[in-house]
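**Student:** Quick one: this structure, given as C-alpha coordinates, is what I'll be asking you about.
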Amino acid sequence: MDAVAEQLWSHPRLREIYPEFLFQNHSVIRCSVPLMKAAAERCEKMLADEPVAEGMLTYFRKHIPEETGHDEWVLDDLETLGYKRADILRRIPSPSAAALAGAQYYWIRHVHPVALLGFIAVLEGTPPDVEFFEQTADRIGVPRRAFSNLLLHGKLDPQHRDDLDRTLDALPLTEEHHTLMGISAFQTVALLTRVASEALQ
Amino acid sequence: MANYDTLVAAGIIDKSNPPSQSDINTINGLNSGDVQGLINVFSAVGTTFLARNCDGAGGSVVPNPSRTIGIVF
(Lines give C-alpha, C1' and ligand atoms only; values in the text may rest on other atoms or scores of the structure.)
Protein backbone atom coordinates (compact mmCIF):
# COMPACT_ATOMS: atom_id res chain seq x y z
CA MET A 1 0.00 0.00 0.00
CA ASP A 2 2.92 2.32 0.75
CA ALA A 3 4.24 1.80 -2.80
CA VAL A 4 0.88 2.73 -4.34
CA ALA A 5 0.64 5.77 -2.04
CA GLU A 6 4.08 6.94 -3.16
CA GLN A 7 3.23 6.28 -6.81
CA LEU A 8 -0.02 8.21 -6.49
CA TRP A 9 1.20 11.33 -4.67
CA SER A 10 4.38 11.65 -6.75
CA HIS A 11 2.68 10.98 -10.09
CA PRO A 12 3.69 13.51 -12.77
CA ARG A 13 0.04 13.79 -13.87
CA LEU A 14 -1.43 13.94 -10.37
CA ARG A 15 -3.48 17.00 -11.28
CA GLU A 16 -5.36 14.95 -13.89
CA ILE A 17 -5.58 11.83 -11.70
CA TYR A 18 -6.73 13.57 -8.51
CA PRO A 19 -10.46 13.82 -9.42
CA GLU A 20 -10.53 10.10 -10.22
CA PHE A 21 -8.82 9.41 -6.91
CA LEU A 22 -11.51 11.48 -5.16
CA PHE A 23 -14.23 9.40 -6.86
CA GLN A 24 -12.57 6.17 -5.64
CA ASN A 25 -12.22 7.76 -2.20
CA HIS A 26 -15.91 8.64 -2.08
CA SER A 27 -16.87 5.15 -3.20
CA VAL A 28 -15.26 3.80 -0.03
CA ILE A 29 -16.09 6.33 2.62
CA ARG A 30 -19.75 6.71 1.67
CA CYS A 31 -20.03 3.39 3.55
CA SER A 32 -18.24 4.47 6.74
CA VAL A 33 -21.27 5.52 8.77
CA PRO A 34 -23.61 2.79 7.38
CA LEU A 35 -21.00 0.16 8.31
CA MET A 36 -20.69 1.50 11.84
CA LYS A 37 -24.49 1.56 12.15
CA ALA A 38 -24.64 -2.08 10.99
CA ALA A 39 -21.97 -3.01 13.55
CA ALA A 40 -23.79 -1.10 16.30
CA GLU A 41 -27.05 -2.92 15.49
CA ARG A 42 -25.26 -6.27 15.80
CA CYS A 43 -23.68 -5.20 19.09
CA GLU A 44 -27.13 -4.29 20.48
CA LYS A 45 -28.35 -7.81 19.74
CA MET A 46 -25.24 -9.36 21.33
CA LEU A 47 -25.26 -7.38 24.59
CA ALA A 48 -26.57 -10.22 26.73
CA ASP A 49 -24.01 -12.79 25.57
CA GLU A 50 -20.91 -11.00 24.28
CA PRO A 51 -18.61 -9.17 26.75
CA VAL A 52 -17.06 -6.91 24.07
CA ALA A 53 -20.44 -5.73 22.73
CA GLU A 54 -21.04 -2.98 25.30
CA GLY A 55 -17.64 -1.30 24.85
CA MET A 56 -17.92 -1.54 21.07
CA LEU A 57 -21.43 -0.05 21.15
CA THR A 58 -20.17 2.89 23.23
CA TYR A 59 -17.38 3.46 20.71
CA PHE A 60 -19.71 3.32 17.67
CA ARG A 61 -22.31 5.59 19.30
CA LYS A 62 -19.60 8.20 19.85
CA HIS A 63 -17.89 7.76 16.48
CA ILE A 64 -20.95 7.70 14.20
CA PRO A 65 -21.83 11.41 14.71
CA GLU A 66 -18.10 12.26 14.46
CA GLU A 67 -17.90 10.66 11.01
CA THR A 68 -21.30 11.73 9.70
CA GLY A 69 -20.95 13.92 6.63
CA HIS A 70 -17.30 13.12 5.86
CA ASP A 71 -18.31 11.65 2.51
CA GLU A 72 -19.77 15.09 1.71
CA TRP A 73 -16.30 16.63 2.14
CA VAL A 74 -15.07 14.54 -0.80
CA LEU A 75 -18.05 15.67 -2.89
CA ASP A 76 -17.22 19.26 -1.87
CA ASP A 77 -13.66 18.74 -3.16
CA LEU A 78 -14.96 17.40 -6.48
CA GLU A 79 -17.34 20.35 -6.80
CA THR A 80 -14.41 22.71 -6.22
CA LEU A 81 -12.75 21.01 -9.20
CA GLY A 82 -15.86 21.52 -11.34
CA TYR A 83 -17.62 18.16 -10.99
CA LYS A 84 -21.34 17.98 -10.22
CA ARG A 85 -22.44 16.07 -7.13
CA ALA A 86 -25.30 14.44 -8.99
CA ASP A 87 -22.95 13.10 -11.68
CA ILE A 88 -20.62 11.60 -9.08
CA LEU A 89 -23.48 9.96 -7.20
CA ARG A 90 -24.92 8.56 -10.43
CA ARG A 91 -21.65 6.93 -11.47
CA ILE A 92 -21.30 3.22 -10.60
CA PRO A 93 -18.43 2.60 -8.14
CA SER A 94 -15.76 0.04 -8.91
CA PRO A 95 -16.22 -3.61 -7.91
CA SER A 96 -13.12 -3.23 -5.72
CA ALA A 97 -14.81 -0.52 -3.63
CA ALA A 98 -17.94 -2.68 -3.42
CA ALA A 99 -15.83 -5.66 -2.32
CA LEU A 100 -14.12 -3.57 0.36
CA ALA A 101 -17.44 -2.55 1.92
CA GLY A 102 -19.11 -5.88 1.16
CA ALA A 103 -16.46 -7.80 3.05
CA GLN A 104 -17.13 -5.73 6.15
CA TYR A 105 -20.91 -6.28 5.91
CA TYR A 106 -20.16 -10.02 5.66
CA TRP A 107 -17.94 -10.03 8.75
CA ILE A 108 -20.36 -7.83 10.75
CA ARG A 109 -23.52 -9.77 9.88
CA HIS A 110 -22.23 -13.34 9.65
CA VAL A 111 -19.14 -13.54 11.88
CA HIS A 112 -18.55 -10.74 14.44
CA PRO A 113 -18.75 -6.92 14.31
CA VAL A 114 -15.30 -6.65 15.93
CA ALA A 115 -13.94 -7.11 12.39
CA LEU A 116 -14.92 -3.51 11.61
CA LEU A 117 -12.40 -2.26 14.16
CA GLY A 118 -9.67 -3.78 11.97
CA PHE A 119 -11.07 -1.88 8.98
CA ILE A 120 -11.22 1.38 10.95
CA ALA A 121 -7.68 0.87 12.26
CA VAL A 122 -6.40 0.82 8.68
CA LEU A 123 -8.39 3.83 7.50
CA GLU A 124 -7.61 5.97 10.53
CA GLY A 125 -4.21 4.53 11.41
CA THR A 126 -2.03 6.84 9.29
CA PRO A 127 -3.53 10.32 9.42
CA PRO A 128 -2.73 12.53 6.43
CA ASP A 129 0.15 14.94 6.93
CA VAL A 130 -1.40 18.39 6.61
CA GLU A 131 1.78 20.14 5.46
CA PHE A 132 2.49 17.47 2.83
CA PHE A 133 -0.98 17.75 1.28
CA GLU A 134 -0.96 21.56 1.37
CA GLN A 135 2.35 21.40 -0.52
CA THR A 136 0.91 18.79 -2.90
CA ALA A 137 -2.08 21.01 -3.71
CA ASP A 138 0.25 23.95 -4.35
CA ARG A 139 2.66 21.81 -6.39
CA ILE A 140 0.01 20.55 -8.81
CA GLY A 141 -1.75 23.90 -9.04
CA VAL A 142 -5.02 22.86 -7.39
CA PRO A 143 -6.76 25.06 -4.79
CA ARG A 144 -6.17 23.85 -1.24
CA ARG A 145 -9.94 23.92 -0.87
CA ALA A 146 -10.04 20.89 -3.20
CA PHE A 147 -7.98 18.98 -0.62
CA SER A 148 -10.35 19.80 2.23
CA ASN A 149 -11.15 16.13 2.95
CA LEU A 150 -7.50 15.19 3.44
CA LEU A 151 -6.62 18.38 5.32
CA LEU A 152 -9.55 18.07 7.72
CA HIS A 153 -8.80 14.41 8.37
CA GLY A 154 -5.19 15.35 8.96
CA LYS A 155 -6.37 17.43 11.88
CA LEU A 156 -9.05 15.04 13.20
CA ASP A 157 -7.66 11.55 12.66
CA PRO A 158 -4.85 11.62 15.23
CA GLN A 159 -7.55 11.96 17.90
CA HIS A 160 -9.71 9.27 16.26
CA ARG A 161 -6.74 6.92 16.05
CA ASP A 162 -6.06 7.46 19.77
CA ASP A 163 -9.76 6.90 20.61
CA LEU A 164 -9.69 3.57 18.76
CA ASP A 165 -6.47 2.55 20.51
CA ARG A 166 -8.02 3.30 23.91
CA THR A 167 -11.16 1.36 22.97
CA LEU A 168 -9.14 -1.65 21.83
CA ASP A 169 -7.05 -1.58 25.03
CA ALA A 170 -10.19 -1.53 27.19
CA LEU A 171 -12.17 -4.26 25.39
CA PRO A 172 -11.99 -7.84 26.76
CA LEU A 173 -10.82 -9.18 23.39
CA THR A 174 -10.21 -12.88 22.91
CA GLU A 175 -7.64 -14.45 20.62
CA GLU A 176 -10.41 -15.10 18.10
CA HIS A 177 -11.35 -11.40 18.12
CA HIS A 178 -7.72 -10.42 17.49
CA THR A 179 -7.48 -12.95 14.65
CA LEU A 180 -10.61 -11.64 12.97
CA MET A 181 -9.52 -8.01 13.35
CA GLY A 182 -6.17 -8.94 11.80
CA ILE A 183 -7.79 -10.69 8.85
CA SER A 184 -10.14 -7.74 8.35
CA ALA A 185 -7.28 -5.25 8.54
CA PHE A 186 -5.08 -7.08 6.02
CA GLN A 187 -8.03 -7.60 3.70
CA THR A 188 -8.75 -3.86 3.95
CA VAL A 189 -5.13 -3.01 3.10
CA ALA A 190 -5.24 -5.28 0.03
CA LEU A 191 -8.57 -3.97 -1.27
CA LEU A 192 -7.77 -0.33 -0.45
CA THR A 193 -4.54 -0.70 -2.42
CA ARG A 194 -6.54 -2.05 -5.36
CA VAL A 195 -9.08 0.80 -5.15
CA ALA A 196 -6.35 3.46 -5.08
CA SER A 197 -4.46 1.74 -7.93
CA GLU A 198 -7.56 2.02 -10.11
CA ALA A 199 -7.25 5.80 -9.92
CA LEU A 200 -3.83 5.46 -11.58
CA GLN A 201 -5.13 3.44 -14.53
CA MET B 1 16.28 9.48 -25.23
CA ALA B 2 14.44 9.27 -21.89
CA ASN B 3 14.80 12.27 -19.58
CA TYR B 4 16.60 10.11 -17.04
CA ASP B 5 19.27 9.18 -19.60
CA THR B 6 19.58 12.84 -20.64
CA LEU B 7 20.23 13.91 -17.06
CA VAL B 8 22.78 11.11 -16.60
CA ALA B 9 24.55 12.20 -19.77
CA ALA B 10 24.53 15.82 -18.49
CA GLY B 11 26.25 14.71 -15.29
CA ILE B 12 23.30 15.72 -13.10
CA ILE B 13 22.31 12.20 -12.04
CA ASP B 14 25.05 9.93 -10.78
CA LYS B 15 24.35 6.53 -12.33
CA SER B 16 26.20 4.79 -9.50
CA ASN B 17 23.78 6.37 -7.00
CA PRO B 18 20.46 6.34 -8.85
CA PRO B 19 17.21 7.80 -7.51
CA SER B 20 14.21 5.60 -6.60
CA GLN B 21 12.09 4.11 -9.37
CA SER B 22 9.31 6.48 -8.34
CA ASP B 23 11.66 9.46 -8.85
CA ILE B 24 12.86 8.03 -12.18
CA ASN B 25 9.22 7.78 -13.31
CA THR B 26 8.67 11.38 -12.26
CA ILE B 27 11.80 12.52 -14.12
CA ASN B 28 10.75 10.70 -17.28
CA GLY B 29 7.32 12.36 -17.03
CA LEU B 30 8.77 15.90 -17.12
CA ASN B 31 8.39 17.93 -20.29
CA SER B 32 11.45 18.89 -22.33
CA GLY B 33 11.35 22.48 -21.08
CA ASP B 34 11.61 21.35 -17.48
CA VAL B 35 14.50 19.02 -18.30
CA GLN B 36 16.41 21.75 -20.10
CA GLY B 37 15.65 24.10 -17.21
CA LEU B 38 17.19 21.61 -14.78
CA ILE B 39 20.30 21.35 -16.92
CA ASN B 40 20.54 25.15 -17.12
CA VAL B 41 20.23 25.54 -13.34
CA PHE B 42 22.85 22.88 -12.61
CA SER B 43 25.18 24.45 -15.15
CA ALA B 44 24.75 27.91 -13.63
CA VAL B 45 25.02 27.16 -9.90
CA GLY B 46 26.62 23.75 -9.62
CA THR B 47 25.68 20.79 -7.46
CA THR B 48 27.34 22.09 -4.29
CA PHE B 49 25.00 25.08 -4.17
CA LEU B 50 21.97 22.86 -4.72
CA ALA B 51 23.00 20.30 -2.10
CA ARG B 52 23.49 23.09 0.44
CA ASN B 53 20.44 25.21 -0.28
CA CYS B 54 17.72 23.14 -1.86
CA ASP B 55 15.46 20.93 0.29
CA GLY B 56 15.13 17.55 -1.39
CA ALA B 57 17.97 18.15 -3.85
CA GLY B 58 18.64 14.83 -5.52
CA GLY B 59 14.99 13.85 -5.22
CA SER B 60 12.09 15.40 -7.06
CA VAL B 61 9.12 15.05 -4.69
CA VAL B 62 8.88 15.36 -0.93
CA PRO B 63 7.89 11.89 0.32
CA ASN B 64 4.55 11.55 2.09
CA PRO B 65 5.58 11.49 5.75
CA SER B 66 2.32 9.96 6.92
CA ARG B 67 2.46 7.31 4.13
CA THR B 68 -1.30 7.65 3.85
CA ILE B 69 -2.88 6.41 0.67
CA GLY B 70 -5.39 9.20 1.22
CA ILE B 71 -8.58 7.16 1.57
CA VAL B 72 -9.36 8.08 5.15
CA PHE B 73 -12.27 7.34 7.43
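Yes or no, residue by residue, for (1) modelled with pLDDT under 95; (2) under 14 Å from A:Ile29 (Cβ atoms):
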| residue | (1), (2) |
| --- | --- |
| A:Ala103 | no, no |
| A:His110 | no, no |
| A:Ala115 | no, no |
| A:Thr126 | yes, no |
| A:Gln135 | yes, no |
| A:Leu152 | yes, yes |
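**Student:** Moving to a separate point now. Restricting attention to segment B:41-57, does a residue exist that is within 30 Å of A:Met1 (Cα to Cα), within 14 Å of chain A (Cβ to nearest Cβ), modelled with pLDDT under 65 and surrounded by fewer than 18 Cβ atoms within 10 Å (Cβ to Cβ)?
**Tutor:** yes
**Student:** While we're on this one: For segment A:16-31, enumerate the residues that are over 16 Å from A:Ser96 (Cβ atoms) and either of a type in the set (A, V, I, L, M, F, W, C) or buried (at least 23 other Cβ atoms within 10 Å of the Cβ) (or both). Before you say what the answer is, go through the steps one by one.
**Tutor:** Just the residues of segment A:16-31 that are over 16 Å from A:Ser96 (Cβ atoms), to begin with: A:16-19.
Matches in segment A:16-31: A:Ile17, A:Tyr18.
**Student:** If a residue has to be over 18 Å from A:Ala190 (Cβ atoms) and surrounded by 23 or more Cβ atoms within 10 Å (Cβ to Cβ) to count, how many in segment A:113-127 make the cut?
**Tutor:** Initial filter on segment A:113-127 (over 18 Å from A:Ala190 (Cβ atoms)): A:113-114, A:127.
Pick out the ones that are also surrounded by 23 or more Cβ atoms within 10 Å (Cβ to Cβ) and you get A:113-114.
Residues in segment A:113-127 being over 18 Å from A:Ala190 (Cβ atoms) and surrounded by 23 or more Cβ atoms within 10 Å (Cβ to Cβ): 2 in total.
**Student:** I would also like to ask the following. Can you tell me which residue among A:Leu100, A:Leu47 is among the aliphatic types (A, V, I, L, M) and surrounded by fewer than 18 Cβ atoms within 10 Å (Cβ to Cβ)? Before you say what the answer is, go through the steps one by one.
**Tutor:** On the way: A:Leu100 fails: surrounded by fewer than 18 Cβ atoms within 10 Å (Cβ to Cβ).
After ruling out the rest, the residue left standing is A:Leu47.
**Student:** Yes or no: A:Val52 closer than 23 Å to A:Pro19 by Cβ and in contact (Cβ under 8 Å) with a residue 40 or more places away in the chain? Spell out the reasoning first.
**Tutor:** Details: closer than 23 Å to A:Pro19 by Cβ: no; in contact (Cβ under 8 Å) with a residue 40 or more places away in the chain: yes.
So A:Val52 fails the test.
**Student:** May I pose another question? What are the residue pairs meeting all of these: first residue in segment A:181-201, first residue under 10 Å from A:Ser96 (Cα atoms), second residue of a type in the set (S, T, N, Q) and in a helix (DSSP H, G or I), Cβ atoms under 8 Å, and 6 or more apart or on different chains?
**Tutor:** Cβ pairs passing all conditions: A:Leu191/A:Ser96; A:Arg194/A:Ser96; A:Val195/A:Gln24; A:Val195/A:Ser27; A:Val195/A:Ser96; A:Ala196/A:Gln24; A:Glu198/A:Gln24; A:Glu198/A:Ser96.
**Student:** If only one of A:Ala115, A:Ala97, A:Ala86 is within 12 Å of A:Phe23 (Cβ to Cβ) and among the small types (Gly, Ala, Ser), which one is it? So that I can check it myself, show each step before the final result.
**Tutor:** Working: A:Ala115 fails: within 12 Å of A:Phe23 (Cβ to Cβ); A:Ala86 fails: within 12 Å of A:Phe23 (Cβ to Cβ).
On inspection, the qualifying residue turns out to be A:Ala97.
**Student:** Kindly list the number of the only condition in (1) in contact (Cβ under 8 Å) with a residue 24 or more places away in the chain; (2) out of contact with any Asp or Glu (no Cβ under 6 Å at 6 or more places or on another chain); (3) within 9 Å of another protein chain (Cβ to nearest Cβ) that fails for A:Glu124.
**Tutor:** If we test A:Glu124 against (1) in contact (Cβ under 8 Å) with a residue 24 or more places away in the chain; (2) out of contact with any Asp or Glu (no Cβ under 6 Å at 6 or more places or on another chain); (3) within 9 Å of another protein chain (Cβ to nearest Cβ), just (2) comes out false.
Yes/no matrix, rows are residues, columns are (1) of a type in the set (S, T, N, Q); (2) out of contact with any Phe, Trp or Tyr (no Cβ under 8 Å at 6 or more places or on another chain); (3) more than 22 Å from A:Pro143 (Cα to Cα):
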residue	(1), (2), (3)
A:Glu6	no, yes, no
A:Arg15	no, yes, no
A:Phe21	no, yes, no
A:Leu35	no, no, yes
A:Leu47	no, yes, yes
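**Student:** Here is a list: B:Asn31, B:Asn25. Which entry is exposed (fewer than 15 other Cβ atoms within 10 Å of the Cβ), within 11 Å of chain A (Cβ to nearest Cβ), modelled with pLDDT of 75 or more and under 14 Å from A:Pro12 (Cα atoms)? Give the steps one after another, and end with the answer.
**Tutor:** Working: B:Asn25 fails: exposed (fewer than 15 other Cβ atoms within 10 Å of the Cβ).
Step by step, each of B:Asn31, B:Asn25 is checked, and only B:Asn31 is exposed (fewer than 15 other Cβ atoms within 10 Å of the Cβ), within 11 Å of chain A (Cβ to nearest Cβ), modelled with pLDDT of 75 or more and under 14 Å from A:Pro12 (Cα atoms).
**Student:** Hey, another quick one. Which ranges mark the helices (runs of 4 or more DSSP H) fully within segment A:1-58 that have 3 or more residues being modelled with pLDDT of 95 or more and within 22 Å of A:Thr188 (Cβ to Cβ)? Break it down stepwise before answering.
**Tutor:** Working: elements: A:2-9, A:14-29, A:32-46.
So the answer is A:14-29, A:32-46.
**Student:** Yes or no: A:Val142 within 22 Å of A:Glu66 (Cα to Cα) and either away from every other protein chain (no Cβ under 11 Å) or not hydroxyl-bearing (Ser, Thr, Tyr) (or both)? Break it down stepwise before answering.
**Tutor:** Values: within 22 Å of A:Glu66 (Cα to Cα): no; either away from every other protein chain (no Cβ under 11 Å) or not hydroxyl-bearing (Ser, Thr, Tyr) (or both): yes.
Considered against the rule, which asks whether it is within 22 Å of A:Glu66 (Cα to Cα) and either away from every other protein chain (no Cβ under 11 Å) or not hydroxyl-bearing (Ser, Thr, Tyr) (or both), A:Val142 comes out as no.
**Student:** While we're here: State all residues of segment A:133-150 that are surrounded by 18 or more Cβ atoms within 10 Å (Cβ to Cβ), touching a residue at least 12 places away in the same chain (Cβ under 8 Å) and either of a type in the set (S, T, N, Q) or assigned to a helix (DSSP H, G or I) (or both); if no residue qualifies, say none. Write out each step before concluding.
**Tutor:** Applying the first criterion (surrounded by 18 or more Cβ atoms within 10 Å (Cβ to Cβ)) to segment A:133-150 yields A:133, A:136-137, A:140, A:142, A:146-147, A:149-150.
Okay, now just the ones that are also touching a residue at least 12 places away in the same chain (Cβ under 8 Å), so A:133, A:136, A:140, A:142, A:146-147, A:149-150.
Of everything in segment A:133-150, those that are surrounded by 18 or more Cβ atoms within 10 Å (Cβ to Cβ), touching a residue at least 12 places away in the same chain (Cβ under 8 Å) and either of a type in the set (S, T, N, Q) or assigned to a helix (DSSP H, G or I) (or both) turn out to be A:Phe133, A:Thr136, A:Ile140, A:Ala146, A:Phe147, A:Asn149, A:Leu150.
**Student:** Looking at segment A:60-97 only, could you name the residues that are in contact (Cβ under 8 Å) with a residue 24 or more places away in the chain and of a type in the set (A, V, I, L, M, F, W, C)?
**Tutor:** At the first step, the residues of segment A:60-97 found to be in contact (Cβ under 8 Å) with a residue 24 or more places away in the chain are A:60, A:62-64, A:66-68, A:70-71, A:73-78, A:80-81, A:83, A:88, A:91, A:93-94, A:96-97.
Within segment A:60-97, A:Phe60, A:Ile64, A:Trp73, A:Val74, A:Leu75, A:Leu78, A:Leu81, A:Ile88, A:Ala97 qualify.
The values are calculated or read from the model by the stated rules, or taken from the named source; none is laboratory data. Since the model is a prediction, treat every value here as computed from it, not as a measurement. Heads up, the Cβs are rebuilt from the backbone with ideal geometry, glycines too, and the neighbour counts pull from every protein chain shown.
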